[in-house]
Amino acid sequence: MWFWLALGSAVFAALTSILAKIGIEGVGSNLATAIRTMVVVVMAWGMVFITHQQEGLNTISQKSWLFLILSGLATGASWLCYYKALQMGEASRVVPIDKLSVVITLVLAFVFLHEQFTTKSLIGCILIGVGTLLMVL
């Protein structure tokens, strides 16, 4: 099931880039990010209430709150940078650079989460990096 959800994430992320590039014309990147964020907030809380997960708010540890808040700040910073880059550049060049997050995530997962970094991971990172350079140059 995780594979299909991840694939859905990739499809929706691709749609996000194309729809955003069209929608951002004549709109400030920060305002566009705020509008997008409001839609995401409504959708996320809607899903919480539809699935009756709101009771879980009382059981979240301080550590989880801290890291979820930090993750939210990182997401916000990412979206602000992404929308500004998308406004200034071509989607076909901005998006591949944005997807270097895959390589950065693998390295950070190895360093901080002690996840395994295999030869296959290394080759994949190199290919993603080279592929990104080829698409951007």
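General remarks:
- Within the range 111-130, the set of residues being of a type in the set (A, V, I, L, M, F, W, C) and exposed (fewer than 11 other Cβ atoms within 10 Å of the Cβ) comprises Val111, Phe112, Leu113, Ile123, Val130.
Rundown of residues vs (1) modelled with pLDDT under 95; (2) not charged (D, E, K, R); (3) not in a helix (DSSP H, G or I), yes/no style:
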residue	(1), (2), (3)
Leu5	yes, yes, no
Ser9	yes, yes, no
Trp45	no, yes, no
Phe49	no, yes, no
Val103	yes, yes, no
Phe117	yes, yes, yes
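- Qualifying residues in the range 19-41 (those that are farther than 16 Å from Gly76 by Cα and either of a type in the set (Val, Ile, Thr) or in contact with a strand residue (DSSP E or B) (Cβ under 7 Å, 6 or more places away or on another chain) (or both)) - the one surrounded by the fewest Cβ atoms within 10 Å (Cβ to Cβ): Ile22
The values are calculated or read from the model by the stated rules, or taken from the named source; none is laboratory data. Keep in mind that this is a model prediction, so the values were computed, not measured. We place every Cβ from the backbone using ideal geometry, glycine too, and count neighbours over all the protein chains shown.
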